[in-house]
Amino acid sequence: MNPSSLWRPLRVPIFRNLLTADVISDIGAFIQSTGAAWLMVSLNAGPMYVALTQTASSLPFFLLALPAASAGDIADRRKLILFTETWMVCVAIALAVLTIAGLMSPWLLLALTFALSAGDAFETPTWRAVLPELVAKDDLEAASALNGIEFNLARELGPHWPASSSQLQVWPLQLR
């Protein structure tokens, strides 16, 4: 694969749009994972609960990998991706509303984090399986590489976003 062919799949509008949506979704997932740990600390729940936030983020991938892959093969992939993305948005909204309302508890945070990751665990294998339907066979290797780049970019940017925004909020106070 030559370097110029890496970008060729981006000429396909549906692939480009879905890759863009996926990077935004993945960045959001990593922001949520970092934010959940911070929120758990602010709830004064103790170190075990902070560690359990990572478990709640990761466990759905372990438990649901095979059923999710099977669902991606059996169900309409487009509908499954739309359902899982809608599910994750609804869980994220519930998480935000309950936190803003002051109703968040450690166990509720763990349950919502698990539910959010369960949606991601179902979406991920389906997204990988839909790639061959979106791009030509000659572009499949490049599309897969771009998907890997997208995930690693999200993994790098997502956790830093909450830290950066908190520094921006604190920065004016440090000038005093």
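Read-outs: derived from the displayed coordinates by stated rules, not from any lab. These numbers were taken from a predicted model, which means no experiment stands behind them. Every residue, glycine among them, receives a Cβ derived from its backbone with ideal geometry; neighbour counts consider all protein chains shown.
Residues satisfying the criterion are present in segment 51-61 (criterion: over 16 Å from the mean Cα position of the chain (by Cα), under 24 Å from Glu156 (Cβ atoms) and assigned to a helix (DSSP H, G or I)). Within segment 61-90, residues that are surrounded by 16 or more Cβ atoms within 10 Å (Cβ to Cβ) have Cβ atoms under 6 Å from residues that are part of a helix (DSSP H, G or I) and polar (S, T, N, Q) in these pairs: Gly72/Thr126; Arg77/Thr126; Leu80/Thr126; Ile81/Thr126, counting only partners at least 6 apart in sequence or on another chain. Scanning segment 100-129 for residues that are surrounded by fewer than 18 Cβ atoms within 10 Å (Cβ to Cβ), assigned to a helix (DSSP H, G or I) and not charged (D, E, K, R) returns Ile100, Trp107, Leu108, Ala111, Ala129.
Please tell me if Pro67 is assigned to a helix (DSSP H, G or I) and closer than 26 Å to Lys137 by Cβ. No.
Filtered by the rule that a residue be touching a residue at least 24 places away in the same chain (Cβ under 8 Å) and either within 13 Å of Ile149 (Cα to Cα) or surrounded by fewer than 16 Cβ atoms within 10 Å (Cβ to Cβ) (or both), segment 11-21 gives Ile14, Leu19, Ala21.
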